[in-house]
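A short write-up of the structure that comes next.
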Amino acid sequence: MNEFRVAPASGLARAREDEATRYSRREFIKRVIASGAVASAATYIYGGLQGCSRQGPVAGFVERLVSLNVNGETRRVDVLPNETLAMTLRYKLGLTGTKLGCDRAECGACTVLIDDVAYNSCSVLTHSVRTRKVTTIEGIRGPNGELHPVQQAFVEELAPQCGFCTPGQVMSAVALLKRNPKPTRDECRHALSGNLCRCGAYDNYLNGVMRAAAGAAST
Amino acid sequence: MTYKLIGKNFTPPDVVAKVTGEAKYAEDFRVEGMVFCRLLTSPMPHARVKNIDTSEALKMEGVVGVLLPEEVTPVPAPNAPILTMEPLYVGQPILAVAAVDETTAQDAIEKIKIDYEPLPFTVDPLQSLFPGGPNARSDGNVGAQGLELQTLKWTAADFAQAGDSKLPLGKPAEEWAFGDVDAGFAKSKVVYDESFVTASNSHHSLEPRSALAYWQNGKCFVHGSTQSQSFVVPGLAQFIGIKPEELVYISEFCGGGFGSKGSAYPSMAIPALMAKKINKPVMMRISRAEEYYLGSARNGFQGRVKLGFGADGRLLAADMYIVQDGGCDNGFWDFRNAADALNIVYNPAAMRFRGVPVYTNTPSRTAQRGPGENQIACILEPLLDKAARDLKIDRLQIRRINSPNLQTKVGEDRRAITSAYLHDALVKGAARFKWDERKARSGQRKGSKVTGVGIGQAYHPAGFNGFDGLVRITPDGKLHIHTGVGNLGTFSHSGTARIAAEVLKCDWDNCIVERGDTRKHLPWNIGQFGSNTSFTMARTNYVAAMDALTKMKEIAARDLGGKPDDYDVDGTKVFAKGNPGKSLTYAAVAQRAIDLGGKYTGKELPEDINPMTRASATALAGSGLIGVAKDTLPVGGETPAFAAAFVEIELDVETGQHRIVEFLNVGDCGTVIHPMGLETQLKGGSVQGFGLACLEHIIIDPQNGLPGNVGLYQAKPPTYLDCPTQMQVDWVDKPDPTSPMGTKGIGEPPMGAAASALLCAISDALGGHVFNRTPVKPDMIINAVAKRPMSHKPLQVNTQ
């Protein structure tokens, strides 16, 4: 697993460590191993942004060990109260297919499904999805690893260019086809309009969604 | 000519990873012990840093180190520095802080005390050219690559003479001319003298320029976001202060660059230098907002152009003056390219160009898709329509009569061009678009919607030469094409690799494209920019494959008898032409090359190849048959690519919004290597063109020098809803004679063609109103409809 650890040296990390101690360290490690997922000790949260008001550390902000349902698996992970789902996925669960293009819900590169609905994971708090089903780009292949019809159609239509927005485009298209299996081209265009593509591959993505929808309709 | 692979679609080897999320970009890598760094950036548009006190920050738990301007490799001015004590724009990095997490790093930045001495600044080139006006740099106000840094002021009389609505024509920094311009104007039936503004706009690459660096066994490893691979290495090594061979550079995927990540850029060196200082791997994530400061932008223009047309629409004389807003350091020479574009696309009988590149206290500028060519298309194409209207000529016809041809020469030194089929693109496009039918609908009104149609054209050079090719056949019979070109998302790294496969008649399944990592032993190639790959890499891969072919035939002749010329290849074996049974498989030839050693397996190398190629070929020596050569194929002049676009819109004259009803873009890019790849370039360029024409511009507050749009929602790259529901593309498919299989590039012209076609359609819907400005925003359209004055002054820049 693509796991990432940072030595717990910051104040926030120390707070987390204190809490972990309360669980009893041995218990904690046992539970982590039993769940098959390794929770990272990293307290890696994106602090300030140039030009944006930043959130400083707030007293009492500690990581809590939570269970998430990600791509059909239960993943145990330490999560800060202000941690976004995109950061948890990318930096604690090793799911780097979810991209961060803006961290401000402007570009859609971080789109994931939460209970089958498309969300910008950069703007969803991880704690808010504890009881929900999260699906990322890594979780939509078929049982034998075959590409999802949307992925396959995007390959056939040569839809990606640089590819950075592609996981988000795929996830928005998957969400659309779940709620509307036979969309018109114009409905696709509106459904995907929150996913920016600076390469300008919109026409090819639309071709891909229509191809995937047609394929599903014919089977 | 029929080819086995060229002109056929294929599934590029990197596309599946892009749809599955497995493609790893710079920020997707993790290294044990990695820390994070954040930048302290200037709050002022121009200042001198008097003192830096980091003591409080360094006391903080979790802070690992600080990197100061005096600790980084000095970069000679006026090139952009890595860190600076004299920031020249708001957001320029002054120092970096590394900590165990970003929050701590950012907290530490808050604790650093800096004394700034504010210095005079300017965000308007004309203000800087005014007598006594502020200089953006303390060492001058005018300069560019190839033009010495200097202080240049115009006279008060220059400004007074021009008034508010015309560009003053003060002393230029550069000037060239050919033909008798005055005589041309004298002969002209109509002459226009128009002043114009084209706004700077950001690149908006969706992947911010994050980078990860660490040191291991004396080498520096950098995971960067660049559209080029080998071309980045010398520059980045220089920024880091090491030899190129001490750098391991990985950029297998790049989330968009559009010119802004063409070569090494200074901020990439920060994590590498920090990692060296603190002896830990360093990840530097760049935020979207920071990308608007650090990520550079297209140069803006304030210009004036005088055009004289004969009664038949022929452009008899052109006189253009461009003042370039070049940002704060040496970025790119858009102003010169704009002049070449006027020269090549409209082929004037006589022309003069004058230009001044002026520094301003605004973010650095780099090339952006069609740098110069695409801005000027947005200005010149609507003026061509104006002439057509006044002369009562069809708008297609005025373009056809001025089209470039093989006799077209460029610049004062009258340089030759190698192919030009813009005329064919116009004819083909007009037929498919049904130009005559659609133009009859021009001006038709339904409710508040008015129909407009337009044609746009653009050009960009489409290739370089003199780089190296490197291929290898291994004893398993596979052909490895080593390419250092980069991965901008065009798939042309693999499209051009197919040139080598074509020469050796290999099945594509038997080919492996080696790229994206210096450890793959890559040759010296130019970067993936400037619409060049499909020409330059075709040549290099061709010469390397030809070298391999020669060696294969020599080995066959040596082992099986006869002369090398008695042999041919079929993709799996070298065989005697008269006796196909007399043959060696590629696998056997590769093994024989290893056994024979010397030049056959890279142990002896050509003298003229670049040291990088030499090192790569040496590393591969003994692993198979090596084909390696420098491209010394004949050069016939400049190789241009063109595009012609056709647009029909509905313009809502009450809201100023437009909807594109029909769109077609036709490329002249030589022989087509990869039709689907070409389609994506034509369409993608068009989408960016829609943004250039009507949406995108940077805004800088003149009072404080603060950027006004630092988010995607503010800076407005086009979305799905700004584009037509369906887009049409086509191409001319005529070979360029100086490319081995006739291929040349196409990336940039479709953008300028689409942008200018859209602007022409808007002008058409408004009965011929020409704005002489980009972008054309809804408020400008509403003011034009109401015949009210515009809300900006004619030459005002960086406005809302």
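Couple of notes before you dig in:
- Förster-model FRET efficiency, 51 Å R0, B:Tyr713 and B:Lys563, C-beta, rounded to 0.05: 0.15
- The mean count of C-beta atoms from other chains within 10 Å of the C-beta of residues in B:717-724, rounded to a whole number, is 6.
- Linear extension gain, B:Asn79 paired with B:Thr655, 0.36 nm per residue minus alpha-carbon span: 203.0 nm
- Given R0 = 60 Å, the distance between the Cβ atoms of B:Thr799 and B:Glu246 translates into a calculated FRET efficiency of 0.80.
- Global geometry of segment B:557-648, whether rounded, prolate or oblate, following the gyration tensor of its Cα atoms and the 1.5 cut on a/c: oblate
- Quick note on the protein assembly as shown: its Rg to Rh ratio, both from C-alpha atoms and Rh being the Kirkwood radius, is 0.97.
- Placing unit charges on the Cβ atoms of the charged side chains and taking the dipole of chain B about its Cα centre, the candidate lying farthest along the positive direction among B:Pro775, B:Ala761, B:Ile626 is B:Ala761.
- Note on B:200-207: average number of Cβ atoms from other chains within 10 Å of each residue's Cβ is 5.
- Debye-formula intensities of segment B:224-365, expressed as log10 I(q)/I(0) at q = 0.16, 0.17, 0.20 Å⁻¹, are -0.92, -0.98, -1.17 (one equal scatterer per alpha-carbon, no solvent).
- Spin-label model distance (nm) - B:Ile278 vs A:Lys178, 7 Å beyond Cα toward Cβ: 3.9
- Kyte-Doolittle mean at least -1.0, axial Cα span of 30 Å or more - DSSP H helices of chain B: B:533-560
- Residues within the reach of a label modelled at A:Lys133 (point 7 angstrom out along Cα to beta-carbon, backbone nitrogen below 17 Å), restricted to segment A:192-213: there are none.
- Across segment B:579-626, counting alpha-carbon atoms alone, Rg and Dmax equal 12.6, 41 Å.
- Inter-chain Cβ neighbour count for B:727-735, averaged per residue, equals 1 (cutoff 10 Å, partner chain atoms only).
- Take the Cβ atoms of B:Glu71 and A:Asn69, set R0 to 35 Å, and the FRET efficiency comes out at 0.15.
- For peptides B:625-635, B:667-677, A:71-81, sequence by mean Cβ density within 10 Å, most packed first: B:667-677, B:625-635, A:71-81
- Mean Cβ count within 10 Å, highest first, over the residues of peptides B:478-486, B:289-297, B:168-176, A:132-140: B:478-486, B:289-297, A:132-140, B:168-176
- If the segment from B:Asn579 to B:Ala160 were pulled out straight at 0.36 nm per residue, it would be longer than the present Cα-Cα gap by 142.4 nm.
- Full-extension gain in nm, B:Gln216 to B:Asp139, via 0.36 nm per residue minus C-alpha separation: 23.7 nm
- The alpha-carbon positions of segment A:149-218 define a convex hull whose volume is 68 Å³ per residue.
- Taking label positions 7 Å along the Cα-Cβ direction at both A:Arg185 and A:Asp116, the computed distance is 2.8 nm, reported to one decimal.
- Order by protection proxy (mean Cβ within 10 Å, highest first), peptides B:690-698, B:381-389: B:690-698, B:381-389
- Paramagnetic label zone (point 7 Å from Cα along Cα-to-C-beta, B:Thr632; backbone N under 11 Å) in segment B:587-624: B:606-609
- Here the ratio of the Cα radius of gyration of segment B:383-504 to 2.2 N^0.38 Å is 1.64.
- Segment B:1-137 shape via C-alpha gyration tensor axes, a/c threshold 1.5: oblate
- Annotation for B:Val190 and B:Arg788: the two label points, set 7 Å from Cα along the Cα-Cβ direction, are 2.9 nm apart.
- Value at 222 nm in deg cm²/dmol, rounded to 500, when DSSP H runs of n ≥ 4 in the protein assembly as shown each add -39,500 (n - 2.57): -9000 deg cm²/dmol
- DSSP-defined beta bridges in chain B - what % are antiparallel, rounded to 5: 80
- For chain B: rounded, prolate or oblate by the Cα gyration tensor [a/c cutoff 1.5]: oblate
- Scaling the Cα radius of gyration of segment B:306-444 by the globular reference 2.2 N^0.38 Å produces a ratio of 1.17.
- Two-decimal Rg/Rh across segment B:409-568, once Rg and the Kirkwood Rh are taken from alpha-carbon atoms: 1.19
None of the figures in this text is laboratory data; all of them are computed from the coordinates on show. As the structure is a computational prediction, the values presented were derived from the model and not from experiment. Virtual Cβ from ideal backbone geometry, glycine too; neighbours counted across all protein chains shown.
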